[in-house]
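Accompanying notes for the structure given below.
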Amino acid sequence: MRKKLVSLENIKFKYEGQKNFALNDVSFDIYEGEWLAIVGHNGSGKSTLAKLLNGLQFAQTGTITVNDKVLTEETVWDVRRQIGMVFQNPDNQFVGTTVQDDVAFGLENVGVPQEVMVERVQNALSKVKMSKFLNQEPHHLSGGQKQRIAIAGVVALQPNIIILDEATSMLDPRGREEVLETVRELMQEKALTVISITHDLEEAAKADRIIVMNKGQLYREGTPRDIFKMEKELIELGLDIPFSIKLSKALQKNGVAIDYGHLTEEELVKDLCELHSKM
Amino acid sequence: MLDKMIFGRYVPANSVMHRMDPRAKLLLVFFFVCIVFLANNLVTYSLLGLVTLGIILLSKIKIRFLISGLKPVLLLIIFTFLVHILFTKEGKVLYQLGWLEIYEGGLRQGVFISLRFTFLILVTSLLTLTTTPISITDGMEELLNPLKKWKVPVHELALMMSIALRFIPTLMEETDKIMKAQIARGVDFSSGPIKNRIKAIVPLLVPLFVSAFKRAEELATAMEARGYQGGEGRTKYRQLHWGMIDSLCMVGLVILTGVLVLLRS
Amino acid sequence: MRITLEDVEYRYQANTPFEHLALYDVNLSIDSGSYTAIIGHTGSGKSTLLQHLNALLKPTKGRIIIGDRTIEAGRKEKQLRSIRQKVGIVFQFPEHQLFDETVEKDICFGPMNFGVSEADAKVLARKAIQHVGLAEDILEKSPFDLSGGQMRRVAIAGVLAMEPDVLVLDEPTAGLDPRGRKEIMDMFYDLHKKRGISTILVTHSMEDAAKYADEIVIMHQGSVFKKGSPQEIFSDPVQLLELGLDVPDTVRFQLKLQKELGIRFDKPCLNIDDLAIEIDKAMKRGNR
């Protein structure tokens, strides 16, 4: 049994002056070392979740436990040291005037000595393959590069968990791929737990687990294979299904004798290969 | 026009000036601004001119670029020159045309004041041209550090300044973007009666403020998420290095001051 | 309305140390009533190019012919307003341009700048708000009380209300969720079909380019790299990938199958159903 790293119990949250609950009685667990995708259309409450996990907002009722510690006003700074966050807008989280200053910002905050900082900044930047950009200013970087710097800033602090709060939604396809690739590599290397809040279903298909949010409630929880079985429902929720699933369905309709529900193109290619060799 | 402005701009290069400690540069510029007022005759002004020229050469900034950058303030210099020529009535009359009289003292004052003005602008521009704004901030923070004893929030001020510097290009870009979007919707920012032009600012300012507030809010959230809790217990990543050249320049400035005092009339 | 670019060059901050050549040797003609997609990655010059289409930027060399007007490099141009009324631009994240107290006033802003009376502008606003799929009662609200998706639609309505002949769209769906994305793209396509509005779409989405456009222009390092129908453009996917550009999922999948299975396709497939049929055919053919 994998270790529970984070658990949410009966979370209810309402923004000030709003009638409806942004989150209404949400409970789930996050396990160590997994990639959890939280999907939902804009306004489904998924970004509020991210803010609660990091203690940027506090729920009206319910508890959040991170690494056996209940998240409260007192424990919030400890919890934040374990959870790194990458936000949506690449510009509005870049604090430093240059790349290295920005990566160092979090380290300065927790009082890391200068010599250690220099080393950690270098390390973090090489992990995200941005070492050459040490003195670059943010307005000369692409969105994807800025997000990688944000990731470096998180990595430098050596957290257990990374939350990507729609971190790729403002990027072009290349930037998106760069960022996801970087996080995947880091996850492998550092045994990180990744929580990705997204409406990119291709990305969610590669997660270990998916949580679908709708109208502030947990709509469904399961492996990508389970989740994408309810294709019509997902589209009604304002979401989409991955290309490979659409294609395998269209192939079936055309009488190609293959299974249905391929999560990745590779799986589909493999099945087609097998079929082809039998023909 | 804005493209040509050099005031407050940084031009990357690898010169002695670029490598100097920002604290030294700030102190030097500050004292230079003071001693410029010591000059009061041809010899002292020429000396200052030579020193300024020397600094320009040391900075490796192209003189042509500096001059084109001075254009926006040229009008101001010409204006001061004319004011002095027309209103200082000292010494011999050099030229007379109707009511217009130009005195020797007026001409001298005009030339000197304009020169003084030019020196000041050149030297302060060179400071910003060869020092990144963040280094200037660091230098200031270090120089002002003693004030912390009197509860002056030096760290907060420096952080505010560095964030402002960080966001200037972002907000400039944003201004340009919103301006273009509104021009595309038929706004005319550059012609028509003044009243209309003032009205045209509203569709620019409102979105700019809305976006600046949104950015500020998101940035504050991001800073909090990254563990920012104020200056206490914080370490500093950037370190300043005071080198030989910085000390030498300080000594040079003291000598220059002495010479100016000796040579002034 | 036809737009033609001849030998267009554009330099940012010409004659300063910050000078930067953004466009050069651009020759391009966009026909009246066409749907053109401009693709290329960030920094390829496509945003600079699109700002030339309604004279927001004037070329530093060459000329641009917009309908019956010619914008020539180095010449002072007056009365550009008429061009701007005819060529509407929906910028990236257009919700950032909203400013007025009510949605209605904001939508009327464009038309009234072009001399439409307030009463007529209100009629246009009503039409535009329907077009973008919002209810009329939203007209009385403040644009800043709306959700992100609604703000996007209001901003688009503000451009539609100008009744332009040409609509330039710069990544109009960036940041939207899948449903919002599809609705907005379908709406623009509908406008293009029903009203014959020439549409120029700047996009990173090869799916959208392949699905909606009749013509695709590839920008690369400040110049036009290639122009043609989606079929022509995507018939050489390897070349596009070498430029670091994407190809539609369907085309990429074809490429994979060709490599792994060694089967051949007669044409690039631009939608899933088409691809399924072609895979079926190709596999049966391979069998014989």
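Reported count of residues in the stretch C:198-231, each being assigned to a loop (DSSP other than H, G, I, E, B) and surrounded by fewer than 21 Cβ atoms within 10 Å (Cβ to Cβ), is 3. Of B:Phe81, B:Phe65, all but one fail to be without any contact (Cβ under 8 Å) to a residue 60 or more places away in the chain, in the same structural domain as B:Cys249 (by TED's automatic domain parsing) and over 21 Å from B:Leu126 (Cβ atoms); the exception is B:Phe81. Looking across the stretch A:156-181 at every residue that is acidic (Asp, Glu) and in contact (Cβ under 8 Å) with a residue 60 or more places away in the chain, the one that is nearest to C:Gly43 (Cα to Cα) is identified as A:Glu166.
Scanning the stretch C:126-153 for residues that are within 13 Å of another protein chain (Cβ to nearest Cβ) and of a type outside the set (D, E, K, R) yields C:Ala128, C:Ser142, C:Pro143, C:Phe144, C:Leu146, C:Ser147, C:Gly148, C:Gly149, C:Gln150, C:Met151. Residue count for the stretch B:191-204, restricted to those that are facing chain C (nearest Cβ under 9 Å), surrounded by 11 or more Cβ atoms within 10 Å (Cβ to Cβ) and either in contact with a helix residue (DSSP H, G or I) (Cβ under 9 Å, 6 or more places away or on another chain) or over 18 Å from C:Pro94 (Cα atoms) (or both): 2.
Scanning the stretch C:181-197 turns up no residue that is in a helix (DSSP H, G or I), touching a His at 6+ places or on another chain (Cβ under 7 Å), in the same structural domain as C:Ser229 (by TED's automatic domain parsing) and surrounded by 20 or more Cβ atoms within 10 Å (Cβ to Cβ). Taking the stretch C:77-107 on its own, how many of its residues are outside any loop (DSSP other than H, G, I, E, B) and either facing chain B (nearest Cβ under 8 Å) or closer than 18 Å to C:Leu50 by Cα (or both)? Number of matching residues: 13. When the residues of the stretch A:45-82 are narrowed to those that are at pLDDT below 90 and over 15 Å from A:Lys12 (Cβ atoms), which ends up surrounded by the most Cβ atoms within 10 Å (Cβ to Cβ)? That would be A:Lys46. Filtered by the rule that a residue be among the small types (Gly, Ala, Ser) and over 30 Å from B:Leu48 (Cβ atoms), the stretch B:114-170 gives B:Ala158, B:Ser162, B:Ala164. Quick check, is B:Leu144 at pLDDT 90 or above, over 30 Å from B:Ile78 (Cα atoms), more than 13 Å from every other protein chain (Cβ to nearest Cβ) and surrounded by fewer than 16 Cβ atoms within 10 Å (Cβ to Cβ)? In short, yes. Of everything in the stretch A:218-247 that's more than 12 Å from every other protein chain (Cβ to nearest Cβ) and part of a helix (DSSP H, G or I), which residue is farthest from A:Ala22 (Cα to Cα)? The selected residue is A:Arg225. Applying the criterion of being of a type outside the set (A, V, I, L, M), within 18 Å of A:Glu202 (Cβ to Cβ) and not in a loop (DSSP other than H, G, I, E, B) to the residues of the stretch A:253-269, the residue that is farthest from the other protein chains (Cβ to nearest Cβ) is A:Glu267. Do you know which residues across the stretch A:55-105 are among the polar types (S, T, N, Q), within 14 Å of another protein chain (Cβ to nearest Cβ) and farther than 28 Å from A:Gly143 by Cα? Residue satisfying the conditions is A:Thr75 alone.
All of B:Ala158, B:Ala212 fail the test of being within 13 Å of chain C (Cβ to nearest Cβ) and either part of a helix (DSSP H, G or I) or under 26 Å from the mean Cα position of the chain (by Cα) (or both), apart from B:Ala212.
Of all the numbered requirements in (1) assigned to a helix (DSSP H, G or I); (2) in contact (Cβ under 8 Å) with a residue 24 or more places away in the chain, A:Ala250 misses one, and that requirement is (2). If you filter the stretch B:215-245 down to residues that are touching a residue at least 40 places away in the same chain (Cβ under 8 Å), within 11 Å of chain A (Cβ to nearest Cβ) and out of contact with any His (no Cβ under 9 Å at 6 or more places or on another chain), you find that the one that is nearest to B:Gln182 (Cα to Cα) is B:Arg215. Could we say that C:Asp170 is within 13 Å of the chain's Cα centre (by Cα) and under 23 Å from B:Ile178 (Cα atoms) here? Criteria met by C:Asp170.
Take the residues in the stretch B:44-70 that are among the hydrophobic types (A, V, I, L, M, F, W, C) and over 22 Å from B:Met250 (Cα atoms); name whichever of them is surrounded by the fewest Cβ atoms within 10 Å (Cβ to Cβ). Of everything passing the filter in the stretch B:44-70, B:Ile63 is surrounded by the fewest Cβ atoms within 10 Å (Cβ to Cβ).
Going through the stretch C:258-276 one residue at a time, which ones are buried (at least 16 other Cβ atoms within 10 Å of the Cβ) and assigned to a helix (DSSP H, G or I)? If the condition is that a residue be buried (at least 16 other Cβ atoms within 10 Å of the Cβ) and assigned to a helix (DSSP H, G or I), then C:Leu261, C:Ile272, C:Leu275, C:Ala276 are the ones that fit. When the stretch B:215-242 is filtered for residues that are over 30 Å from B:Lys25 (Cα atoms) and part of a loop (DSSP other than H, G, I, E, B), the ones remaining, listed by number, are B:Arg226, B:Gly227, B:Tyr228, B:Gln229. For A:Lys249, the requirement of being over 21 Å from A:Ala37 (Cβ atoms) and surrounded by fewer than 22 Cβ atoms within 10 Å (Cβ to Cβ) is met.
Contact annotation: no residue pair with Cβ atoms under 6 Å, 6 or more positions apart or on different chains, pairs a residue in the stretch C:7-20 that is within 8 Å of another protein chain (Cβ to nearest Cβ) and assigned to a strand (DSSP E or B) with a partner that is of a type in the set (Lys, Arg) and surrounded by fewer than 17 Cβ atoms within 10 Å (Cβ to Cβ).
Filtering the stretch A:50-84 to residues that are among the hydrophobic types (A, V, I, L, M, F, W, C) and in contact with an Asp or Glu (Cβ under 6 Å, 6 or more places away or on another chain) leaves only A:Ala50.
The listed residues are A:Glu137, A:Glu115, A:Glu119, and the only one of them that is of a type in the set (D, E, K, R), in contact (Cβ under 8 Å) with a residue 12 or more places away in the chain, surrounded by fewer than 22 Cβ atoms within 10 Å (Cβ to Cβ) and within 12 Å of chain B (Cβ to nearest Cβ) turns out to be A:Glu137. Any residue at all in the stretch A:159-171 that's outside any loop (DSSP other than H, G, I, E, B), under 18 Å from C:Gln92 (Cα atoms) and at pLDDT below 95? For the stretch A:159-171, residues outside any loop (DSSP other than H, G, I, E, B), under 18 Å from C:Gln92 (Cα atoms) and at pLDDT below 95: absent. With respect to the conditions (1) under 17 Å from the mean Cα position of the chain (by Cα); (2) crowded, with 21+ Cβ neighbours inside 10 Å; (3) more than 14 Å from chain B (Cβ to nearest Cβ), A:Asn42 lacks only one, and its number is (2).
Report, ordered by the first and then the second residue, all pairs with beta carbons closer than 7 Å, sequence separation of six or more or different chains, a first member in the stretch C:235-255 that is more than 14 Å from chain A (Cβ to nearest Cβ), and a second member that is surrounded by 21 or more Cβ atoms within 10 Å (Cβ to Cβ) and not in a loop (DSSP other than H, G, I, E, B). Matching pairs, first to second residue: C:Pro237/C:Val251.
The values are calculated or read from the model by the stated rules, or taken from the named source; none is laboratory data. These numbers were taken from a predicted model, which means no experiment stands behind them. Here the Cβ is made from the backbone with ideal geometry for all residues, glycine too, and neighbour counts use every protein chain on show.
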